[in-house]
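Structure record follows, encoded as structure tokens.
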Amino acid sequence: MSDALRFAAEAHATQSRKGKPDEPYLSHILIVAGMVAHYGGSEDQIIAGVLHDAVEDAGGQERADQIRELFGDRVADIVLACSDAVPGDDGEKGPWKQRKLDYIAGLREGGHPDATLVEACDKIANLYDIVEDLEFDSEPAFEKFNGGKTGTLEYYSTLDEVLMPQVRIPALTAEYARLLGRLRELAGVDQIRTWQADET
């Protein structure tokens with residue numbers, strides 16, 4: 001575990017949370033890993049929680065290869081399942097909505113069973129941050145996200161239909177539902193469109 005923490009600290013050393021320049025990105029990593037542990041994740045799942053953004057946001061395929069070599073196939077496969085893109089050498093990840101649609105499509109096909117808990121904890125941690133921002137900053141909170149207000153709401157509502165039923169932990173799914181409900185309330189919307197299978 002200590003090796004994974006050092007690896008993540010180095011990978012994300014120059015990054016901060018979106019819209020929060022004084023908050024190191026590592027804070028999100030620690031929250032997700034802690035949640036995975038809290039909800040009964042295995043050692044590999046907890047390590048993957050520590051590393052879950054390292055490929056997508058801090059190194060692409062080269063980082064994925066390092067994770068596989070240092071932490072094994074199971075951890076690397078979970079991390080890749082949590083990633084909606086593997087950036088190329090130029091660091092580009094492609095259009096936001098298409099990446100999310102492709103990710104949702106993978107979940108509809110069953111996803112990676114070992115990754116489900118890590119993915120759910122990551123999404124809950126993100127939702128918590130969005131709700132907290134909205135409670136204190138109101139609408140500008142959505143401006144930080146590539147999907148804007150509409151895309152962000154649709155994405156997390158779609159995850160509620162596609163990802164959360166795969167999670168077999170009632171307390172975790174209840175917390176996601178609570179946060180999503182609060183997000184809708186703060187956003188001032190009753191009904192949110194979700195992305196259907198024919199779109200993904």
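Rule-based calculations on the coordinates, nothing more; no lab input. Everything numeric here is computed off the predicted structure, so don't read it as measured data. Here the Cβ is made from the backbone with ideal geometry for all residues, glycine too, and neighbour counts use every protein chain on show.
Here I124 fulfils each of the conditions (1) within 18 Å of H52 (Cβ to Cβ); (2) β-branched (V, I, T); (3) surrounded by fewer than 17 Cβ atoms within 10 Å (Cβ to Cβ) apart from (3). For the stretch 19-41, filtered to residues that are crowded, with 16+ Cβ neighbours inside 10 Å and part of a loop (DSSP other than H, G, I, E, B), the residue that is nearest to the chain's Cα centre (by Cα) is Y25.
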